[in-house]
Each structure stands twice: as C-alpha cells, then as structure tokens.
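Worksheet: one structure, shown below.
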Amino acid sequence: MSNKKILVLPGDGIGNEVMYEVLNIIDWLSKTRSISFDISERLVGGTAYDKEGDSISDKTMQEALESDAVLFGAVGGPQWENVEREKRPEAALLRLRKELDLFANLRPAVVFDALAESSPLKLKIVKGLDILIIRELTSGVYFGQPRGVSQIDDNEEKAVDTQSYTTSEVSRITRVAFDLARLRNNKVTSVEKSNVMETGMFWKNIVSNLHLNQFQDVELHHMLADNCAMQLVRNPKQFDVILTDNLFGDLLSDIAAMLTGSLGMLPSASLGPLTESGSRSAMYEPVHGSAPDIAGQGKANPLAMIMSFAMMLKYSFNMVEDSNLIEKAVQSVLSLGLRTHDISDGTNKVVSTHEMGKAVIDELKKITGN
Ligand code: NAD
C-alpha cells in the first residue's frame, strides 16, 4: 500500500459535477483495490477568485508542487469575463503549467466502437482508432522572443512572433514520445516543417539523432505538418504516437480530437521533467471547458474527466491494470447504450452525469466481482 498525493481542483461550472464522479471512483478503488490515495481538494478558477481573491492562491500552488499529481476539472465562465487578466480563471491554468514545468502535453484520440458512428468521418476510417498526440507545451512560437508590434513608419506597423527551440527542449519531449511509444505500438511520427523552417530542420535532426543513439527499437517516421493534417483525416489509423511542437500540436490535436466526435470524451495529461528519483510533476484534465451553458443541470458527460483520472493512474502511478480497468468499464457502459446528451444520437438511453458515473462504477464492480 502506498499513499499517492493527489491534489483535486474541480474548478468552475461542470468541473465540479464531473469531478464528483471521479471522486466516487477513487473511493471505490480505495475500498476494493488496496490503493490508498491522499486526496486534498482546493478551489481554483473563478470560484477561487470569488472566495480567495485570486484564481489560484499561493497555498494551492504550493500544494500542487508538493503533490504527486494534480487532477483538474475546468475553469471559466461569463461571470468572470471582466476580472483583471492576471486573476482571470484561465490564469490559474497557465500558472500551474508554468510552475510545474508541464512541457509535455498528451492528448489521446481514441474512437470507442460504440461511438464510432458519431465521428464526422466514415466508420471504416475511424473504427478502432487509437492515437496519442504529444505536443511540446512550454516553448516554441507562443513563448519565443522577440515578440510584439512595432512601428515601421507613419503608415506601417510590424508584428513579430518568434519560433524558437533549444536542443534540450526538443530532446526532452522526444524522449517522452519514444518512451510512451514503447508502451503502445512502438511507432513515432515526428511532425515539423523541415522543408521551410530552420526550427523544423533542427527538430528533425535532434529526433533522428536521439533515435539513432537510444531508441532504434522504435519505428520512426518524419512528416511535414501540412501533410500530417491531411493524413489525420485521410488515414488516421496509420499513426500511433505523433510528436510535434507547440504550434502544430495545438492544431493537429484539435483535428485528432474531432475524429472521435465529442468533446465530452477527451482526456489529457501534461507532464513535467523527470526528477532523479524517477517521479515527475503531472496534471490531468479533460480537454473541455466549464460549459456554462449546461452547468448545474446534470447534463455534463463525466467520461473525459474519468479517463483523465485513468491516465493519471497509468502515467503518474504506473497502475496500468487499474487504468485499463477503468477504460474497460467506460467501454462497457457505452456498449450498453448509455449516453449523456452530448454523445446521444437520439436512439439511446440518455442519462445524467451522476447516472453515467454510477454506471461506470457498476461496470467496475461487474468486471472485478467487487
Ligand atoms: P466548453 O468546452 O466549456 O464547451 C463547449 C461546448 O461543449 C458547450 O456547448 C458545452 O456544453 C459542451 N461540452 C463541453 N464539455 C462537455 C461535457 N463534458 N459534456 C457535455 N457537453 C460538454 O468551451 P467554451 O463554451 O468555449 O468555454 C466555456 C468556458 O470554459 C470559458 O470560460 C472558457 O474560457 C473555459 N474553458 C476552460 C478550459 C479549461 O479549463 N481547461 C478549456 C476550454 C474552455
């Protein structure tokens, strides 16, 4: 029995509703699987701003730094739109990413058989899809200097963003991609624009060298980003792990997400650097936001949040069996025809957030006999 320290930050809107269902699953796991978690729950986002004067307090940030992993719901809402920029709900997310140095963003795009029909693409193209996009999250053109707008003359201004990467920044994200590919189908496609960008060629060379020196057992392909966008729609099942920079990852992960058909089904993980003891900071969160339009109505799909927790078990705690168990329970629930409103095609039984969460626990009980 080992105690894993998890900081739970439900946040705003449906963040609270979907997190509640995960807490029930954690409770079930603790009782039946001999897993002991130390759970600490704190405010974040607009709710924290209202009660604590900031979207994330220093105390909460300190707890995040001391925890083994952070489980994050969602933040934001129209009531905080006019709050000053540095205290807005989204600022909490940026602070967490920055101070935990979460440089590796993992976004799986998995099409569950029971939901394959709801993809905008043809069934034969997406059925069985299971890819993982690994996006560099803390460098590249969103952070490079110089940036800004300057005056050229009376009639002309100039805007500049700088795409910049260092050797260590590319190496560390590449290592994550190769390491994770080894746990999957052992194939990495590294995506850049080496035909027209200096950083693209730089990126490609570093990935190739690391592959040659340390990861020859993993199949490596290089692909230009524009082609990758096309291939994701034409034949997405050719990919296993896609490794890419901050800008291309932003775009390509959204394309991949849409292959699966619903925002309420998409989990994510963001990982920090590996420490000498072998641990790393990590935050797990659904891709969706706080959905103010459905908040408080019991309509939110909790599965993205539940699968974010499953990713936590796998990537932070190496509890692969328990992680797979949760994914299997989610699949069973979907196969039974249960749907929250966002994934219903009108022919299924539509259930509430809590009914969906409870159905996952019922399946866990069935599968394990507990
Ligand atoms: P959103 O993801 O909250 O919602 C988009 C649409 O998808 C809405 O119609 C919503 O009802 C639906 N939806 C989202 N998640 C769902 C779920 N689990 N189940 C069922 N339906 C779901 O995006 P938005 O409306 O653009 O943003 C709302 C607020 O959330 C804004 O304040 C935004 O800044 C914030 N936001 C936060 C995060 C985050 O915390 N990581 C991410 C995106 C947006």
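Coordinate-derived values only; no laboratory data. Bear in mind that the values here come from a model prediction, so they are computed numbers and not experimental data. Cβ: placed from backbone, ideal geometry, glycine included. Neighbour counts: every protein chain shown.
By its C-alpha gyration tensor, with a ≥ b ≥ c as the square roots of the eigenvalues, how is region 1-151 shaped: rounded for a/c under 1.5, else prolate for a/b larger than b/c, else oblate?
oblate
Considering only region 105-271, what is the antiparallel percent among its DSSP beta bridges, to the nearest 5?
Once the DSSP bridges in region 105-271 are tallied, antiparallel ones form about 50 percent.
Going by Cα centres, region 81-95 and region 6-35 are how many Å apart?
25
Note down the magnitude of the dipole of region 236-367 about its Cα centre, charges +1 on Lys and Arg C-beta and -1 on Asp and Glu C-beta and zero elsewhere, to the nearest 20 debye.
That gives region 236-367 a dipole magnitude of about 440 debye.
What number, rounded to the nearest 500 deg cm²/dmol, is the helix-based mean residue ellipticity at 222 nm of the chain, given -39500 (n - 2.57) per DSSP H run of at least four residues and division by all its residues?
Estimated from H runs of four or more residues: -13000 deg cm²/dmol.
Indicate the gyration tensor shape class of region 265-370 (rounded, prolate or oblate), computed on the Cα atoms with a ≥ b ≥ c the square roots of the eigenvalues: a/c under 1.5 is rounded; otherwise a/b larger than b/c is prolate and the rest oblate.
Oblate, since a/c reaches 1.5 and b/c is not below a/b.
Can you give me the long-range amide H partners of SER57? Hydrogens built in the peptide plane at 1.01 Å from N, cutoff under 5 Å, separation of 5 or more residues or another chain.
Distant-sequence amide H within range of SER57: zero hits.
Give, in whole angstrom and from largest to smallest, the semi-axes √(5λ) of the equivalent ellipsoid of the chain, with λ running over the eigenvalues of the Cα gyration tensor.
32, 26, 22
With charges only on Cβ, +1 for K and R and -1 for D and E, what is the dipole size of the chain about its Cα centre, in debye, rounded to 20?
Charge dipole of the chain: 1260 debye, to the nearest 20.
Among DSSP beta bridges whose residues both lie in the chain, state the antiparallel percentage, nearest 5.
Antiparallel bridges: around 45 percent, rounded to the nearest 5.
Tell me which of ASN185, ALA159, ASN105 sits at the most positive position along the dipole axis of the chain, charges placed on C-beta atoms (Lys, Arg +1; Asp, Glu -1).
After comparing all options, I get ASN185.
With respect to the cross-link table entries LYS124/LYS358; LYS127/LYS349; LYS124/LYS187; LYS187/LYS358; LYS31/LYS51; LYS5/LYS127, which display a Cα-Cα separation exceeding 25 Å?
Exceeds cut-off: LYS124/LYS358; LYS187/LYS358; LYS31/LYS51; LYS5/LYS127.
Just in region 56-115: which GluC sites (Glu not before Pro) are loop by DSSP and have at most 13 other Cβ atoms within 10 Å?
GLU81, GLU84
Could you state the principal axis extents of the C-alpha atoms in region 105-271, from the largest down, to the nearest angstrom?
Principal axes ranked by extent give 60, 41, 28 Å for the Cα atoms.
Among residues other than ILE14 whose Cβ falls under 12 Å from its Cβ, what is the net charge (Lys/Arg +1, Asp/Glu -1)?
-4
Rounded to the nearest 20 Debye, what is the dipole magnitude of region 105-271 about its Cα centre when Lys and Arg each give +1 and Asp and Glu each give -1 at the C-beta?
So the magnitude is around 780 debye.
Can you check how the C-alpha radius of gyration of region 158-201 compares to 2.2 N^0.38 Å, as a plain ratio?
Ratio of Cα Rg to 2.2 N^0.38 Å: 1.46.
Defining a contact as two alpha carbons under 8 Å apart and six or more residues distant in sequence, what relative contact order in percent does region 105-271 show?
Computed value for region 105-271: 35 percent relative contact order.
Could you point to the residue in ASN209, VAL75, GLY337 farthest towards the positive end of the chain's charge dipole, with +1 and -1 charges on the Cβ of Lys/Arg and Asp/Glu respectively?
GLY337
Which is the longest stretch in the chain that no exposed loop site breaks, taking sites as trypsin sites (Lys or Arg not before Pro) with a DSSP loop state and at most 15 other Cβ atoms within 10 Å?
Value returned for the longest uninterrupted segment is 185-370.
For region 112-139 and region 315-333, write down the distance between their C-alpha centroids in whole Å.
For region 112-139 versus region 315-333, the Cα centre distance is 18 Å.
Please compute the contact order of the chain in relative form: average sequence separation of alpha-carbon pairs under 8 Å and at least six residues apart, divided by the residue count, as a percent.
20
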